[in-house]
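Before any comments, here is the structure.
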Amino acid sequence: MMAARMASILPPLTAMKALETSMVHSVAGILGEAGICTDRPFCDPHHSASMPAIVGGGRSARPGQISLAHNGVLFMDEFPEFSRQVLDTLRQPIETGEIVVSRVNAHVRYPSRFLLVAAANPCKCGYLSDTDRACSRAPLCGEDYLGKISGPLMDRFDLRIDVPPVAFSDLDLPKTGDSSAVIATRVAAAREVQSERFADHPEMRVNADAQGEVLDQITKLSEADRTYLRTIADRFGLTARGYHRVLRVARTIADLDGCLATEKRHLAEAVSFRVGPA
Ligand SMILES: [Zn+2]
């Protein structure tokens, strides 16, 4: 499973983060016998799970799956099938890395800084992009279905990838691309660069945390590249949030590439992930 693999290519938890995650798991009463979580958590709540189970709450204001996934991966399969209430609530933790859960007389604040991976069929019946089995309600079926994901929520996804259906006959083909171990090494190196970069900014840990002037400093765009990105932003109608997210992704692509400067090709790749397939 691709999403479960993502947890394995993230660098190991530092002692501090292992402690944070363990504390949340302890409050939820699911901390194992070892007494500490040393692995990155991977949570994949079902879309039919209740609001308190997913975001936290209930009578005892327990942390939900989005907090149990703190410092790990939150995988939401069949994303449009989750309730509108759950989807709307996700926006806050995606921005701030925490969630406030209300109980009768108090509010409880839980950390919830997760890597969100969401998957969706192109339409409710799933056949919209399958040329062999045409969707009978196209194109409305897809518009209705993906329309359940609001614009502001969609805007918070940095990487959008269209995955075409795989024929059974192709499943036996030899594997292509890098193994998880090779990718994990590259990710660890990029994270290392980022932890040095933010040594003077303890409130930031990775490029995704960079804001304002710091974001400008770390991307160091040439005047020509800045103009290029502005032109693209206008053409594709990027929001201010989208523009800044492209900068962070471009910087991360440059880090994975081992480049000190953020170059035009990094910007172009970051934009292609945001605007998605044509
Ligand atoms: Zn359909």
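The values are calculated or read from the model by the stated rules, or taken from the named source; none is laboratory data. Computed from a predicted model, the values in this text were never measured in an experiment. As a convention, Cβ positions derive from the backbone with ideal geometry for all residues, glycine included, and neighbour counts pool all protein chains shown. Areas reflect the complete protein model, heavy atoms only, side chains present, ligands, DNA and RNA absent. Shrake-Rupley method; radii C 1.70, N 1.55, O 1.52, S 1.80 Å.
Grab the Cα-Cα distance for Asp172 and Ile30, subtract it from 0.36 nm times how many residues apart they are, and report the gain in nm with one decimal.
Stretched out fully, the Asp172 to Ile30 stretch lengthens by 47.2 nm.
Please work out the average accessible area per residue across the chain, using the 1.4 Å probe convention, and give it in Å². Walk me through the intermediate numbers first.
Details: 16120 Å² over 278 residues.
It amounts to 58 Å² per residue over the chain.
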Taking springs between alpha-carbon atoms closer than 10 angstrom, which of Arg84, Arg156, Arg235 fluctuates most in the Gaussian network model of the chain?
-> Arg235
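Given R₀ = 22 Å, FRET efficiency for Ser150-Tyr243 by Cβ-Cβ distance, to 0.05? Kindly include the intermediate steps, with their values, before the conclusion.
Values: r = 19 Å, r/R0 = 0.87.
The formula returns an efficiency of 0.70 here.
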Approximate spin-label separation Leu140-Asn105, in nm, with each point projected 7 Å along Cα-to-Cβ = 5.3
Between the alpha-carbon centers of region 124-200 and region 3-77, tell me the distance in whole angstrom.
-> 22
Under a Gaussian network model of the chain whose springs join Cα atoms within less than 10 Å, the largest fluctuation of Gly177, Gly35, Gly242 belongs to Gly177
If pairing requires two Cys Cβ atoms under 4.7 Å apart, which cysteines of the chain are left without a partner?
-> Cys37, Cys43, Cys125, Cys135, Cys259
Within the accessible area of the chain (1.4 Å probe), percent carbon and sulfur | 56
Name the GluC sites (Glu not before Pro) in region 184-232 that are in a loop by DSSP and that have at most 15 other C-beta atoms within 10 Å, would you?
-> Glu203
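With +1 on each Lys and Arg Cβ and -1 on each Asp and Glu Cβ, how big is the dipole of region 180-275 about its Cα centre, in debye rounded to the nearest 20?
About 380 debye.
Please state the shape class of the chain: rounded when a/c is under 1.5, otherwise prolate if a/b exceeds b/c and oblate if not, all from the C-alpha gyration tensor. Intermediate values should be presented prior to the final figure.
Numbers: a/c = 1.41, a/b = 1.06, b/c = 1.33.
Rounded shape, in that the Cα axes give a/c under 1.5.
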What ranking of His266, His201, His107, His46 comes out by heavy-atom accessible area, probe 1.4 Å, highest first?
-> His107, His46, His201, His266
Considering only Gly29, Gly142, Gly97, give the residue with the highest GNM mean-square fluctuation for the chain, with springs between Cα atoms whenever their separation is below 10 Å.
-> Gly29
